[in-house]
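The structure under discussion appears below in the form of C-alpha cells.
The values are calculated or read from the model by the stated rules, or taken from the named source; none is laboratory data. These figures come from a predicted structure and were not determined experimentally. Every residue, glycine among them, receives a Cβ derived from its backbone with ideal geometry; neighbour counts consider all protein chains shown.
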C-alpha cells in the first residue's frame, strides 16, 4: 500500500505540473476516500513534491480529496441545466 500511495502522489504531482494546477488538485474516484489515512501520511506529499527545481511550486498547491461520491453526477446535472 505504501508503494501505491507513493506512485499515486508522484503521478498527482506530474499532473499538477502538466496542468499548472496552482489552484489545487482534487483527488476523486473510489480509491482516494478509502485510503485517506494513508494519503495524510508523509509518503504521498513527499512523492508529490519530489520534482527537483519545481518542488517549491508543488508544495504551494493545495490537495483535496473529494468525499462526495455523487460529485460527478452533480457536475453533469449542473451542465445539463446550463445547456
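Looking only at region 15-38, which residues are under 18 Å from residue 61 (Cβ atoms), free of Cβ contacts under 8 Å to residues at least 24 places away in the same chain and assigned to a helix (DSSP H, G or I)?
15, 18, 19
Yes or no: region 67-78 includes at least one residue that is touching a helix residue (DSSP H, G or I) at 6+ places or on another chain (Cβ under 6 Å) and not in a loop (DSSP other than H, G, I, E, B).
Scanning region 67-78 turns up no residue that is touching a helix residue (DSSP H, G or I) at 6+ places or on another chain (Cβ under 6 Å) and not in a loop (DSSP other than H, G, I, E, B).
Just to check your reading of the model, which residue among 39, 27, 15, 58 is modelled with pLDDT of 95 or more, buried (at least 16 other Cβ atoms within 10 Å of the Cβ) and closer than 21 Å to residue 75 by Cβ?
Result: 27 is the single residue among 39, 27, 15, 58 that is modelled with pLDDT of 95 or more, buried (at least 16 other Cβ atoms within 10 Å of the Cβ) and closer than 21 Å to residue 75 by Cβ.
Taking residue 6 as the residue in question, decide whether it is surrounded by 10 or more Cβ atoms within 10 Å (Cβ to Cβ), part of a loop (DSSP other than H, G, I, E, B) and at pLDDT 95 or above.
no
For region 61-75, give me the residue count where each residue is surrounded by 12 or more Cβ atoms within 10 Å (Cβ to Cβ) and under 17 Å from residue 16 (Cα atoms).
Residues flagged as surrounded by 12 or more Cβ atoms within 10 Å (Cβ to Cβ) and under 17 Å from residue 16 (Cα atoms) within region 61-75 amount to 4.
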